[in-house]
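The values are calculated or read from the model by the stated rules, or taken from the named source; none is laboratory data. In this text, all values refer to a predicted model and were calculated from it rather than measured experimentally. No Cβ is skipped: glycine too gets one built from the backbone with ideal geometry, and neighbour counts run over all protein chains shown. Surface areas here come from the heavy atoms of the whole protein model, side chains and all, with no ligands, DNA or RNA. Shrake-Rupley method; radii C 1.70, N 1.55, O 1.52, S 1.80 Å.
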Amino acid sequence: MRIPIQSVTPEIGHAEVCGFVHEVRDLGGLAFFLIRDRTGILQVTIPKKKVSEAVIAAAKAVSRESVVRISGQIKAVEKAPGGRELIPETFEIISLAETPLPLDVSEKVSVELDTRLDGRFLDVRRPRVAAVFAIRSAAMHALNDYFHREGFISITTPKIVAAATEGGTELFPIAYFDKEAYLNQSPQLFKQMMMAAGLEKVYEIGPIFRAEEHNTTKHLNEATSIDIEVSYADHTEVMRILEDVLVKTYEYVDKTCSDHLANMDITDFAVPKGPFPRLPYCEAIEIAAKKIDEPIKFGDDIGSAAERAIGAEMGGHYFIVDWPSGIRPYYAMPYENDPTICKAFDLMHPRMELSSGAQRVHNHDQLVQQIAKKGLNPESFDFYLRPFRYGMPPHAGWGLGADRLIMTMLGLPNVREAVLFPRDMHRLVP
RNA sequence: GCCCAGGUAGUGUAGUGGCCUAUCAUGAUUGCCUGUCACGCAAUCGACUCGGAUUCGAAUUCCGACCUGGGCGCCA
């Protein structure tokens, strides 16, 4: 019966472990094998005079990163890693690894990201990389848990859609029988429809697709989005939910992932403190204008240089609120007293944008006007507009980039490191 | 899409016209070694992205292609 390596202690006497051959040190009459599974590393010590011929033959034939099953006595040894070692009675090679390996799992030499992604299955064998995905899993658990506790209904919306209803970003066209279809850029319109369906609080964690030809460390063509929509809420209420769920997610990672954080050499993991500052767009561009050369005026988008300058000034997570209506989508609700600005917000990490949201326009005629004002044709928004004609509660929501959340949480230099199989302009395999 | 920097053994690199039969580390193969823990020692193996040009001579210069990294733009 195989046991995880972290459970191997001198007290258990005898153990069978399975895992990868991490390293081999053959001293002649004595050889040391380090066996690694998800839970840790165990030293297997082979005194060649005291073990069977079969064990010696297997030990000689095995290569690094092969999969093995080894059983034997566990001894307490001061000098061994973890204070214990296994003396094998059986040594079975389950799956022999080819040599040489496409990348160095033991991290003696560095590897470029491109090489790592080409051999992702080997890359993830490295504890510091596996830690990223264990932490990502914990973060996703915390998010799901939060939404369930707060009474959100988990929904799943189609990723194959008929038309480019939102405008803005480029979409991926796909062949859908004899029709033209696209991969969806966002669950936006569907989660709003669920407000008309009366579900009141919904969330979805799922893939989104953007066909932009960007080439940066923070953009992917397939990303994971955490989306919520809440009826009878305004932008301030969903901002409160956003900072709350973000803090709770950090807290959960802090509480449950200390081993993984240690594997990544993260010693200063900090849970952000809410509430986050609400910085009006007007003040944000003033800060940017003082710090960067490029002129920036009301109605301009905030570019990456400005984003970094403001981030440095703020020092932690913050919201940019009260955006010009002109640079937000048609469904963002303008302020009644000043329609040049709207009830939209971005949640920012000092490095980059994490989330956008807004109170939405829920009045059908106002929405038609706003669509037309953006130069779009309301007739092509029929399926989206229809729910607004039969009773639509006021509502607000946001979308949070899961990959960027993990990237900024763990200080990863490239968003690709937070995604198992990233999809960018150049990478479609594996 | 624009700009910049690159492409050298399995991996990561050094090498800016002849000193390159190409450096170092790691790795792989073989041998020696009973307490290693990046074990040590010895031998061996293994590379200049592709095509064209300049030159007596190109890893090195030039042109083109392909690929990679980064910045910018774009990004409901």
Which numbered condition in (1) out of contact with any Lys or Arg (no Cβ under 8 Å at 6 or more places or on another chain); (2) closer than 30 Å to A:ASP424 by Cα; (3) open to solvent by less than 40 Å² (accessible area, probe 1.4 Å); (4) more than 8 Å from RNA strand B (Cβ to nearest atom) is the only one that A:GLU65 fails?
(1)
Could you check A:TYR384 against (1) of a type outside the set (Lys, Arg); (2) surrounded by fewer than 18 Cβ atoms within 10 Å (Cβ to Cβ); (3) under 20 Å from A:ALA197 (Cβ atoms) and say which number it fails?
(2)
Tell me which residues, restricted to segment A:251-271, are over 15 Å from A:PHE133 (Cα atoms) and open to solvent by less than 60 Å² (accessible area, probe 1.4 Å).
A:PHE269, A:VAL271
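For segment A:160-206, give me each residue that is in a loop (DSSP other than H, G, I, E, B) and modelled with pLDDT of 95 or more.
The first filter runs over segment A:160-206 and keeps only residues in a loop (DSSP other than H, G, I, E, B), leaving A:162-172, A:177-178, A:184-187, A:197-200.
Those that are in a loop (DSSP other than H, G, I, E, B) and modelled with pLDDT of 95 or more: A:ALA197, A:GLY198, A:LEU199, A:GLU200.
Take A:GLU283 and decide whether it is over 25 Å from the mean Cα position of the chain (by Cα) and at negative phi.
On the way: over 25 Å from the mean Cα position of the chain (by Cα): yes; at negative phi: yes.
When the stated conditions are applied, A:GLU283 passes them.
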Tell me whether segment A:154-169 contains one or more residues that are open to solvent by 20 Å² or more (accessible area, probe 1.4 Å), among the basic types (Lys, Arg), more than 15 Å from RNA strand B (Cβ to nearest atom) and within 20 Å of A:ILE228 (Cβ to Cβ).
no
Within the group A:LYS49, A:LYS75, A:LYS60, which residue is without any contact (Cβ under 8 Å) to a residue 40 or more places away in the chain, open to solvent by 20 Å² or more (accessible area, probe 1.4 Å) and not in a helix (DSSP H, G or I)?
A:LYS49
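Go over the candidates A:VAL247, A:VAL230 one by one and state the one that is under 17 Å from A:GLY401 (Cα atoms) and away from RNA strand B (no atom under 12 Å from the Cβ). Don't jump to the end; show me each part of the working.
Details: A:VAL230 fails: under 17 Å from A:GLY401 (Cα atoms).
Result: A:VAL247 is the single residue among A:VAL247, A:VAL230 that is under 17 Å from A:GLY401 (Cα atoms) and away from RNA strand B (no atom under 12 Å from the Cβ).
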Determine if segment A:210-222 includes at least one residue that is surrounded by 15 or more Cβ atoms within 10 Å (Cβ to Cβ) and part of a strand (DSSP E or B).
yes
Could you check, for segment A:20-30, whether at least one of its residues is assigned to a loop (DSSP other than H, G, I, E, B) and either under 41 Å from the mean Cα position of the chain (by Cα) or more than 8 Å from RNA strand B (Cβ to nearest atom) (or both)?
no
For segment A:301-353 the number of residues that are hydrophobic (A, V, I, L, M, F, W, C), open to solvent by 30 Å² or more (accessible area, probe 1.4 Å) and closer than 19 Å to A:PRO275 by Cα is 2
Is segment A:398-414 home to any residue that is surrounded by 21 or more Cβ atoms within 10 Å (Cβ to Cβ) and of a type in the set (Phe, Trp, Tyr)?
yes
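Considering each of A:PRO422, A:PRO393, A:PRO430, A:PRO413 in turn, give the residue that is assigned to a loop (DSSP other than H, G, I, E, B) and at pLDDT 95 or above. Walk me through how you get there before you give the answer.
On the way: A:PRO422 fails: at pLDDT 95 or above; A:PRO430 fails: at pLDDT 95 or above; A:PRO413 fails: at pLDDT 95 or above.
Criteria check complete, one pass: A:PRO393.
Across segment A:80-106, what is the total count of residues that are open to solvent by 50 Å² or more (accessible area, probe 1.4 Å) and either closer than 14 Å to A:LEU34 by Cβ or more than 6 Å from RNA strand B (Cβ to nearest atom) (or both)? Before the answer, list the steps.
Step one: filter segment A:80-106 for residues open to solvent by 50 Å² or more (accessible area, probe 1.4 Å), giving A:81-82, A:89-90, A:92-96, A:98-100, A:102.
Now narrow it down to the ones that are either closer than 14 Å to A:LEU34 by Cβ or more than 6 Å from RNA strand B (Cβ to nearest atom) (or both): A:81-82, A:89-90, A:92-96, A:98.
Number satisfying all stated conditions: 10.
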Those residues that are surrounded by fewer than 16 Cβ atoms within 10 Å (Cβ to Cβ) and either at pLDDT 95 or above or among the basic types (Lys, Arg) (or both), I need them from segment A:31-46; list them, please.
A:ARG38
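Across segment A:173-204, what is the number of residues that are more than 25 Å from A:ARG386 (Cα to Cα) and either within 15 Å of RNA strand B (Cβ to nearest atom) or in contact with a Lys or Arg (Cβ under 7 Å, 6 or more places away or on another chain) (or both)?
Of all residues in segment A:173-204, those more than 25 Å from A:ARG386 (Cα to Cα) come to A:174-175, A:177-178.
Now narrow it down to the ones that are either within 15 Å of RNA strand B (Cβ to nearest atom) or in contact with a Lys or Arg (Cβ under 7 Å, 6 or more places away or on another chain) (or both): none.
Result for segment A:173-204: 0.
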Consider segment A:10-27. How many of its residues are open to solvent by 40 Å² or more (accessible area, probe 1.4 Å) and within 23 Å of A:GLU78 (Cα to Cα)?
9
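For segment A:332-372, give me each residue that is of a type in the set (Asp, Glu) and in contact (Cβ under 8 Å) with a residue 12 or more places away in the chain.
First pass over segment A:332-372, keeping only residues of a type in the set (Asp, Glu): A:336, A:338, A:346, A:353, A:365.
Result: A:ASP346, A:GLU353.
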